[in-house]
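Colleague: The structure's right below; bear with me while I get my questions together.
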C-alpha cells in the first residue's frame with residue numbers, strides 16, 4: 001500500500017476545502033435568491049405604482065397651474081370690468097351732477113356789506129353786472145347765495161385796521177384796500193339760458209374786476225388740474241379749459257383742433273397726439289441764444305368725449 005506524502009495530504013485537503021466552499025456558496029446564493037425573490041417582485045410592483053402616482057401628481061400639478069392661470073386671468077378681467085363699470089358710473093353720475101349745475105355761474109368780485117340780505121345782495125349783483133354791460137332782470141335769477149363761510153364784518157374791520165396802520169404785510173385775496181371792501185363769491189342759478197349767456201360773456205372780459213366762471217363739479221376740477229399738470233410737466237403744445245357749456249376741452253395749439261373729454265384717461269389718450277411745445281430764443285449775450293420753453297396758457301375746464309375738427 002502506497003503511503004501518502006505530506007504534499008499529497010495537503011493537496012487533498014485543499015481540494016476538499018475548495019469543493020466544500022463552492023457548494024456552500026452555491027447553497028447560500030440559492031437560498032438567498034429564493035428568499036428575496038418575492039421581495040424583489042414586491043419592490044418592482046411598488047416602484048411601478050410609485051412612478052404611476054408621480055406621473056398622476058405631475059399631471060394634477062400642471063392642471064392646477066392651468067386652473068390658477070385661468071383664475072388669475074378671470075379675476076383680472078372681472079376687476080377690469082368692475083373698474084370700467086365703476087368709472088362709467090362715476091362719469092354718468094358726474095354728468096348728471098354737472099347737468100344740474102349747468103344753469104349756474106360763479107361770480108367773484110361782488111362786495112360784501114354789513115347786515116346783507118338776499119335782496120340787497122341781488123341789488124348789488126345786478127348793479128355790478130349792469131355796470132359791465134350784462135343786463136338781467138329779477139326774473140332771470142332763480143336763486144343766489146354767497147359761498148364759503150358767512151361774512152364777518154368785525155373780522156373785516158380788524159384786517160382793514162391792520163392794513164391801514166401798516167401792522168401787517170398780509171392782505172387776504174378777497175379784500176381790496178383801495179376801495180375798502182371785501183368780496184365773496186356768489187353762485188347764481190338762472191331761470192333761462194339767454195340771461196346766463198349774457199352774464200357769461202363777462203368771462204372773456206379780462207379788464208374788469210368781476211370774475212365769471214362755470215359751476216364745475218369737484219371731479220371735473222380735479223381732472224382739469226391733473227390735465228394742466230400733465231401738459232406742463234411734459235411740455236406739450238396744448239391747453240385745457242372749460243367752455244360755456246361746462247365741457248372739458250383740450251386744444252391742440254399747433255392745429256387749433258379742439259377735443260372734449262370726460263376722464264383723465266381719455267385726456268391722456270388725446271394728449272398723446274400733441275407735439276412738444278415750441279421754444280423761443282432770447283438773446284441774453286452775444287453768445288449762443290438760450291432756448292426757453294414757451295409757457296402754455298390755461299383757462300378753466302369741462303367734460304365729454306367727442307372730437308371737434
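Every read-out reported here was derived from the displayed coordinates using simple, explicitly stated rules and does not represent laboratory data. Keep in mind that what you see is a predicted model, and the values were worked out from it rather than measured. Positions of Cβ are backbone-derived with ideal geometry, glycine not excepted, and every protein chain shown enters the neighbour counts.
Colleague: How much length, in nm to one decimal, is gained on full extension between residue 45 and residue 72, taken as 0.36 nm per residue of separation minus their Cα-Cα distance?
Modeller: Numbers: separation 27, 0.36 × 27 = 9.72 nm, distance 4.03 nm.
5.7 nm is the gain from fully extending residue 45 to residue 72.
Colleague: May I pose another question? Can you give the Kirkwood hydrodynamic radius for segment 118-158, in Å, rounded to one decimal and based on Cα pairs? If you can, show how the numbers build up before the last one.
Modeller: Working: mean 1/r = 0.0836 Å⁻¹.
Over segment 118-158, the inverse of the mean reciprocal pair distance is 12.0 Å.
Colleague: For segment 132-284, what ratio Rg/Rh do Cα atoms give with a Kirkwood hydrodynamic radius? Display every interim value, and only then the final one.
Modeller: On the way: Rg = 20.3 Å, Rh = 19.1 Å.
Reported Rg/Rh, Kirkwood definition of Rh: 1.06.
Colleague: What FRET efficiency would be calculated for the residue pair residue 88, residue 245, taking the C-beta separation as r and a Förster radius of 30 Å, to the nearest 0.05? Spell out each step's value before the answer.
Modeller: Values: r = 21 Å, r/R0 = 0.71.
Efficiency, rounded to the nearest 0.05: 0.90.
Colleague: Would you mind calculating the relative contact order of segment 191-282 from Cα pairs under 8 angstrom and at least 6 residues apart, reporting the percent as a whole number?
Modeller: On the way: 93 pairs, mean separation 19.7, N = 92.
Once divided by the residue count of segment 191-282, the mean separation gives 21 percent.
Colleague: Considering all alpha-carbon pairs of segment 135-219, what whole percent are spaced by more than 18 angstrom?
Modeller: Of the Cα pairs, 57 percent sit more than 18 Å apart.
Colleague: If I take every Cα pair under 8 Å that is 6 or more residues apart in segment 102-214, average their sequence separation and divide by the length, what percent do I get for the relative contact order?
Modeller: Working: 150 pairs, mean separation 55.2, N = 113.
Reported relative contact order: 49 percent.
Colleague: Hey, another quick one. Suppose the chain between residue 185 and residue 230 were pulled fully straight at 0.36 nm per residue; how much longer would it get relative to their current alpha carbon spacing?
Modeller: Working: separation 45, 0.36 × 45 = 16.20 nm, distance 2.87 nm.
Going from the current span to full extension adds 13.3 nm.
Colleague: Would you mind ranking 245, 6 so that the residue whose beta carbon has the fewest other beta carbons within 10 Å leads the list?
Modeller: Numbers: 245 15, 6 7.
Going from sparsest to densest Cβ surroundings: 6, 245.
Colleague: Please arrange 110, 175 by how many other C-beta atoms lie within 10 Å of their C-beta, fewest to most.
Modeller: Working: 110 22, 175 17.
Fewest to most other Cβ atoms nearby, the residues stand as 175, 110.
Colleague: Residue 103 to residue 161: FRET efficiency via 1/(1 + (r/R0)^6), r the Cβ-Cβ distance, R0 25 Å, to the nearest 0.05? Write down the numbers at each step before the final one.
Modeller: Working: r = 41 Å, r/R0 = 1.63.
The computed FRET efficiency comes out at 0.05.
Colleague: Here's another thing I want to ask about it. Using a Förster distance of 41 Å, how high is the FRET efficiency between residue 265 and residue 194, based on the Cβ-Cβ distance and rounded to 0.05?
Modeller: Given R0 = 41 Å and the Cβ-Cβ separation, E is 0.70.
Colleague: Ok, one more. Arrange the following residues from fewest to most other Cβ atoms within 10 Å of their Cβ: 117, 279, 263. Present the calculation step by step, with values, prior to reporting the outcome.
Modeller: Values: 117 9, 279 12, 263 18.
The order, fewest Cβ neighbours first, is 117, 279, 263.
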